[in-house]
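Q: Take a look at this one; I'll ask things after.
The values are calculated or read from the model by the stated rules, or taken from the named source; none is laboratory data. In this text the structure is predicted, and so the values were computed from the model without any measurement. When we count neighbours, we look across all protein chains shown, and the Cβ atoms used for this are built from the backbone with ideal geometry, even at glycine.
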Amino acid sequence: MVSWWCASSASDRITRVARSPANVLSYDQAPPLHLPLRFFLTAPLFGMLAGVLMLVRGGGVLASRWTGEALAVTHCLTAGFMLQVMLGALVQFLPVGAGVALPGQRRLVPLVHGIITLGALSLVAAFLNAGTWAFLVAGICLALGVGAFAVAGLIALRQRLALVGTVGALHLTLPALVVTLVLGVWLVSGLAGLASPPVILVTTLHAGWGLFGWAGGLLVGVSLVVVPMFQLTPSYPSWIVRGLAPLLTVLLLAWTGRVVWGDAEAGQGAGAIFALLLGAAALGFCLATLGLQRRSRRPWGDPTQRFWRLGLLGLALAAALWGVGEATGLGRERLPLWVGILALAGGFVPVICGMLYKIVPFLIWLDLQNRGRGRVIPPNMKRLLPESGMLRHLNVHLVALALLLMAPLQPQWLALPAGALLLAAFAVLALNLLGALRLYRSERRRMDETLAAT
């Protein structure tokens with residue numbers, strides 16, 4: 001009876017969200033479960049690798065943002081963990097949220113997954129002095145994998161030219177991914193000795209387009225559906241649904257123009273203004289989402305909402321610090337480290353974990369429901385991924401984040417315990433997701449046997 005009630009309430013909630021004018025969901029177009037799941041299960045391994053590198057390389061990781069160790073750990077989280085989850089989310093979200101499917105997805109998606117995994121590992125190895133060959137392999141693999149995915153996504157989105165809501169955010173996300181990729185490949189070409197990019201300028205643009213355009217744009221697009229649907233909140237206000245994606249696009253283009261073509265003095269002042277506006281837009285989205293969560297019908301202690309609240313607060317602080325730093329020029333040594341820690345370990349990583357803990361059990365539940373054909377009821381989502389494991393992960397991550405934020409002050413002492421706890425946090429995430437996968441396989445066998453016997 002309880003399983004039936006949970007399944008029914010989930011179905012009713014899906015229907016309500018699907019009928020929302022901001023979010024037209026097409027569950028009949030959902031891809032096979034194994035396509036997005038391969039990305040979600042690979043992602044925690046890169047987070048664990050980041051923890052291992054902190055254990056092995058120690059204080060070098062947090063001594064400066066320009067050390068090879070720091071760049072390796074950063075790209076474990078960005079080109080590894082975040083890219084895996086975000087591409088996996090798009091595999092699911094393009095057909096369901098935007099009503100368009102990647103062309104040839106059954107062949108394209110496994111190929112992209114393998115290529116970007118090799119590319120990210122090669123990039124991390126290259127930053128750890130593996131040699132020029134590693135930069136070449138990383139550049140080629142990431143250019144091919146991410147480029148193929150972005151082109152396929154843009155081809156699919158030609159059918160939906162809306163500039164607002166989820167589809168509008170996706171129209172920002174994929175071009176921003178291409179810009180981030182091009183800038184990154186340019187930097188890698190320089191490190192491989194094939195080009196001579198202006199490193200500071202290109203790195204600034206690479207980070208800005210990656211975090212605000214690619215990661216931020218996708219976060220906005222997915223949140224418009226995920227937050228009301230899974231967290232039982234009201235819909236986002238119209239200024240976010242209709243205006244945030246175009247605003248981010250305009251601000252990113254204006255900021256890029258001033259950084260690249262502005263004269264030194266005027267460009268710095270105008271660039272600072274656009275940086276503050278970008279930070280304010282990100283801050284506004286974070287505060288609006290936190291406001292919606294306060295009106296949620298879910299219990300305040302729900303672990304996925306706790307992950308979201310932690311991540312949104314981290315992103316808000318990172319956006320505020322980044323804007324202030326760009327405007328004033330203060331804290332050039334340590335401030336970028338704290339902004340990076342807040343944006344990644346304190347911001348995007350917790351939000352992504354909160355998403356994974358809702359999306360993965362939901363996709364498994366949806367697959368089992370379709371497999372049961374209405375004759376065999378699947379287990380509810382709380383059984384697929386229990387809250388106790390999520391809370392364990394959250395507690396470990398909180399301690400790891402606290403140590404990471406203190407580590408720039410005493411990197412030689414705090415990098416090792418911070419790395420150990422970061423490794424433990426991602427290991428708990430991996431075990432939680434694998435537990436859900438094991439239960440899925442068990443339930444699938446049970447369903448097949450039951451259906452065969454009736």
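Q: Can you find a residue in region 396-408 that is in a helix (DSSP H, G or I) and farther than 18 Å from residue 340 by Cα? Break it down stepwise before answering.
A: Restricting attention to region 396-408, the residues satisfying the condition of being in a helix (DSSP H, G or I) are 396-406.
Cutting the leftovers down to farther than 18 Å from residue 340 by Cα gives us 396.
Scanning region 396-408, I find at least one residue that is in a helix (DSSP H, G or I) and farther than 18 Å from residue 340 by Cα, so the answer is yes.
Q: Can you find a residue in region 196-208 that is hydroxyl-bearing (Ser, Thr, Tyr), under 28 Å from residue 315 (Cα atoms) and without any contact (Cβ under 8 Å) to a residue 60 or more places away in the chain?
A: Taking region 196-208 as the starting set, the residues that turn out to be hydroxyl-bearing (Ser, Thr, Tyr) are 196, 203-204.
Next, only the ones that are under 28 Å from residue 315 (Cα atoms) stay: 203-204.
Then keep just the ones that are without any contact (Cβ under 8 Å) to a residue 60 or more places away in the chain; that gives 203-204.
Within region 196-208 (the criterion being hydroxyl-bearing (Ser, Thr, Tyr), under 28 Å from residue 315 (Cα atoms) and without any contact (Cβ under 8 Å) to a residue 60 or more places away in the chain), the answer is yes, since at least one residue qualifies.
Q: Something else now. Going by the structure shown, is residue 193 within 26 Å of residue 346 (Cβ to Cβ), at pLDDT 85 or above and not aliphatic (A, V, I, L, M)? Before you say what the answer is, go through the steps one by one.
A: Details: within 26 Å of residue 346 (Cβ to Cβ): no; at pLDDT 85 or above: yes; not aliphatic (A, V, I, L, M): yes.
No, not satisfied.
Q: Just checking, which of 118, 87, 49 is without any contact (Cβ under 8 Å) to a residue 40 or more places away in the chain, of a type outside the set (Gly, Ala, Ser) and either in contact with a helix residue (DSSP H, G or I) (Cβ under 9 Å, 6 or more places away or on another chain) or within 30 Å of residue 408 (Cα to Cα) (or both)? First the steps, then the outcome.
A: Values: 87 fails: without any contact (Cβ under 8 Å) to a residue 40 or more places away in the chain; 49 fails: without any contact (Cβ under 8 Å) to a residue 40 or more places away in the chain.
None of the others qualify; the one that does is 118.
Q: Can I ask one more? Which one is surrounded by the most Cβ atoms within 10 Å (Cβ to Cβ), of the residues in region 176-203 that are among the hydroxyl-bearing types (Ser, Thr, Tyr) and closer than 22 Å to residue 150 by Cβ? Write out each step before concluding.
A: Narrowing region 176-203 to residues among the hydroxyl-bearing types (Ser, Thr, Tyr): 180, 189, 196, 203.
Now drop any that are not closer than 22 Å to residue 150 by Cβ, which leaves 180, 189, 203.
On the way: 180: 25, 189: 16, 203: 17.
Selected residue: 180.
Q: Answer yes or no as to whether residue 109 is surrounded by 20 or more Cβ atoms within 10 Å (Cβ to Cβ), of a type in the set (Val, Ile, Thr), in contact with a helix residue (DSSP H, G or I) (Cβ under 7 Å, 6 or more places away or on another chain) and closer than 24 Å to residue 34 by Cα.
A: Working: surrounded by 20 or more Cβ atoms within 10 Å (Cβ to Cβ): yes; of a type in the set (Val, Ile, Thr): yes; in contact with a helix residue (DSSP H, G or I) (Cβ under 7 Å, 6 or more places away or on another chain): yes; closer than 24 Å to residue 34 by Cα: yes.
Taking the combined requirement at face value, the residue satisfies it.
Q: Can you name the residue in region 166-204 that is among the polar types (S, T, N, Q), more than 17 Å from the chain's Cα centre (by Cα) and part of a helix (DSSP H, G or I) and, of all such residues, is farthest from residue 236 (Cα to Cα)? Step through it out loud before you land on a result.
A: The initial filter retains those residues of region 166-204 that are among the polar types (S, T, N, Q), namely 166, 173, 180, 189, 196, 203-204.
Of the ones still in play, those that are also more than 17 Å from the chain's Cα centre (by Cα) are 189, 196, 203-204.
Imposing the further condition that a residue be part of a helix (DSSP H, G or I) reduces the set to 189, 203-204.
Numbers: 189: 42, 203: 33, 204: 31 Å.
Result: 189.
Q: Which ones in region 155-165 are within 19 Å of the chain's Cα centre (by Cα) and either modelled with pLDDT of 80 or more or charged (D, E, K, R) (or both)? Reasoning before the result, please.
A: Just the residues of region 155-165 that are within 19 Å of the chain's Cα centre (by Cα), to begin with: 165.
None; the set is empty.
Q: Does residue 142 meet the test of being touching a residue at least 60 places away in the same chain (Cβ under 8 Å), hydrophobic (A, V, I, L, M, F, W, C) and more than 24 Å from residue 192 (Cβ to Cβ)?
A: Numbers: touching a residue at least 60 places away in the same chain (Cβ under 8 Å): yes; hydrophobic (A, V, I, L, M, F, W, C): yes; more than 24 Å from residue 192 (Cβ to Cβ): no.
Taking the combined requirement at face value, the residue does not satisfy it.
Listed here are the residues, each with its yes/no results for (1) in a helix (DSSP H, G or I); (2) at pLDDT 95 or above; (3) in contact with a strand residue (DSSP E or B) (Cβ under 6 Å, 6 or more places away or on another chain); (4) surrounded by fewer than 24 Cβ atoms within 10 Å (Cβ to Cβ).
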position	(1), (2), (3), (4)
45	yes, yes, no, yes
81	yes, yes, no, no
101	no, no, no, yes
118	yes, yes, no, yes
121	yes, yes, no, yes
129	no, no, no, yes
